[in-house]
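I have placed the structure first, in the form of structure tokens, so that the comments after it can refer back to it.
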Amino acid sequence: MWIERETYRVINHLAMPLVCILGIQSGYAIAQARPTEPSEAVPTVPSVTQVLPANVTGVLLLNNQSQPWQNVSRFLPIPPDFAAPGFVPHIPPEINFATEIKPWLGDWTAQVLMPNSETAPNSPGSHGILTLAPVTDASRLPQFIDRVKQQRSEPPIEREYQGVKILVWPEKVIPQRQMMPPLPPESGEPKSLGQVLPQTLFPDPNQVSDRLGSMVSSNVFPGLSLEKSIKFPWQSSFGQGLVKQKAIEHRPIAPLMANQQNPQPETIPQVMPGLAIAVVPGYLAAAETVAPIEQWLNSRERGITLAENPQFQKTLENPDFSRSLFVGYGELSGLAQSFLDRTFDPNAWGIPLPIPDVQELQNALGLLGETYSSGEFFAWFQPEGFRAKSRIYYKNPQDITAIAPMGNDIYRQIPAATYLSLSGKNFNQLFLGLFRGLLNQPAIAEVWATLGNNPNSVSGNLDKNMIPWLDGEYAIFLFPTTGGLFPAFDPRLQLGMGFIAQTKDPAAAKQALQKLDELTVRSSSENIRLKQEILNGQPVTEWQVFNPQRQSMESLLSYSWLDNRTLIVTTGLPPLKELHPKPYLSLDRSFTFTTATNPLPTPNNGYLYINVGSLLSLVNNFLDPGAINNDPMLALGTSILGNIRSLTLSNSSTTISTQSDFFIVLSPRRPIP
């Protein structure tokens, strides 16, 4: 129960900032989005938005009406007595929603991020989270309040503010308890937990290496030795032609427990979050403390309401509003700052991560607030699966007349059986943006500077010669194949990787590729060899490496030109032959791909597309069916993924906004006989 409360508490703290922040996608190109279809009916304005102030930092609206939830049961096992949406934030989850909350609950519940004018704008306490629920039958509330009192077990503190009675249960720290009960002693004096665990779960660390060595040299793993089983990728079978192997140095493994003799028993601190409830005519307000409730009471009858806010009215007028299960709206700079205040702790991970410091994040968030005004988020189920959409509005209109939209030509060069593809425009901007972000990390910058001093390194020419010509449309994709780089590792890994890129400067591209060939051969001490041939009238360059296991040359990488401006690169010559000059069946003619992309705006800035069904087939080649059946969690995971057909994400923009669309195509749930 404690875990449920803590999970519930985390969701209450983070849901509002996360919902809107996750939808922000600036994109690297701007395309004219398809006009939104007109709404069939004008949505009814949620009553809670008529009593909230216009300057809320953010609001997450939960649809309490049954109609939009009907498609959920098509894909998920919803109980017959389920009442939408199944919960109210801040209300204790132990209270039965269907029988004790739903009968008095109105149309939409709001979880609101309230700005606190009494604190510094950027302090962690500058925003309070309030739940506001409409009440349609006030006669049922006394019974509900009694159930809350019973659940909390202690009487509340009653206070009055602006004539409204507020019931307050302060946060309660429950005495710590042991994680596990003491184990009974075998004989003699009782043993501590730390004395028992090392003998059962943690053998002597100094014996681990010897045990591993005897295991892999026995019949458990016939034909393997410890030296052969522990290798880096470049020391694998065909990689032996690239790097000379070094002897494995055996080192003692560090102790797994710092103090195995007299450790302290592990404890779990428990905190029951605070709760404040107030009832006003037509509404119930709840929060962890009284502050957000008092902020809301202070805001009443002060200026325009949220429903009258011109920015929020754009959200209300969206045709997806009425069918959405959840709707999010927020002021971008405030949401971003609140997200940083509540969640960012660079020391919490305990491991070094390539993340910018707090000041850099604050600068980025400040720039976000200067560019965008507000954002909105919608999520719903439709007959084919789950849809989500986010849109953020520019403060000033953008000029998109000079930027051409993404076309469909590149999808005609990708095979229909593709596992995953990422397409877009201006790969150079995408790559250099990520690359320069990495160089902000001192350790990475130092390594890169060292590589740049090496005359055989590609790094010194990367941003000047190797990348700028990648200025057209591009696609990176994974597809099934029986030849090339990955099957050379393992015949079960029937996988190829492809890269298609269009360029406006083919001369610069050919010059850069020639230089890359020369640097690669030289830096590999000529372990990589080049081979030239003609394929369908076009020259092909193949990189080959010697595989000592097979005593033959393996195809490492190949590239050619599909036309004067379109380059194709694959992991080896056999995959290239399957795609040159075009695949047998292209992605744009695939039923799975067209189903996954038809509902999304076109034209757009490209797709991130995952064919989950095909990808699972590849993964299943490496899984033991018996292990899946014997592991309930693994079986559950594969069952859930098995119901997902595809996932697609796309970005599109207009002069006033940029939009992200997410679509999961699901298999309908089979009825239980």
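The values are calculated or read from the model by the stated rules, or taken from the named source; none is laboratory data. All values derive from a computational prediction rather than experimental measurement. Cβ sites come from the backbone with ideal geometry, for glycine too, and all protein chains shown count toward neighbours. When the accessible area is computed, the model is the full protein with side chains, heavy atoms only, and any ligands, DNA or RNA have been set aside. Shrake-Rupley method; radii C 1.70, N 1.55, O 1.52, S 1.80 Å.
Between residue 313 and residue 629, take the C-beta separation as r, use R0 = 45 Å, and let me know the FRET efficiency to the nearest 0.05.
Approximately 0.25, to the nearest 0.05.
Quick check: from the Cα gyration tensor, does segment 545-673 come out rounded (a/c under 1.5), prolate or oblate?
Details: a/c = 2.48, a/b = 1.08, b/c = 2.30.
Taking the square roots of the gyration eigenvalues as a ≥ b ≥ c, segment 545-673 is oblate.
Could you state how much accessible area residue 51 has, in square angstrom rounded to the nearest 10, with a 1.4 Å probe and all protein chains kept in place?
40
Which of 389/577; 172/389; 510/582; 314/425; 531/582 have a Cα-Cα distance over 27 Å? Each step should come with its number before you reach the end.
On the way: 389/577 39 Å; 172/389 39 Å; 510/582 21 Å; 314/425 29 Å; 531/582 22 Å.
Violating the 27 Å Cα-Cα cut-off are 389/577; 172/389; 314/425.
What distance in nm separates the simple spin-label points at residue 154 and residue 551, each placed 7 Å from Cα in the Cβ direction?
Simple spin-label model gives 8.0 nm for this pair.
Using 0.36 nm per residue of separation minus the Cα-Cα distance, give me the extension gain between residue 585 and residue 639 in nm, one decimal.
Length gained between residue 585 and residue 639: 16.5 nm.
Given R₀ = 45 Å, what would the calculated FRET efficiency be for residue 395 paired with residue 271, taking r from the Cβ atoms and rounding to 0.05?
0.65
Tell me, what ³J(HN,Hα) does each residue in segment 656-667 have, in order and in whole Hz, if you take phi through Karplus 6.51 cos²θ - 1.76 cosθ + 1.60 with θ = phi - 60° and put x for Gly and Pro?
Per-residue couplings from phi come out as 10, 7, 10, 10, 10, 10, 10, 9, 10, 7, 10, 7 Hz.
Say R0 is 35 Å: what FRET efficiency, to the nearest 0.05, do residue 534 and residue 482 get from their beta-carbon distance? Don't skip to the answer; put the middle values down first.
Values: r = 23 Å, r/R0 = 0.66.
That gives a FRET efficiency of 0.90.
Cβ under 15 Å from residue 554's Cβ, residue 554 left aside: what net charge do those residues give with Lys, Arg +1 and Asp, Glu -1? Spell out each step's value before the answer.
Working: positive: 529, 531, 550; negative: 490, 542.
Local charge sum for residue 554: +1.
Net charge within 14 Å of residue 302 by Cβ-Cβ distance, Lys/Arg positive one each and Asp/Glu negative one each, not counting residue 302 itself?
Its environment carries a net charge of -2.
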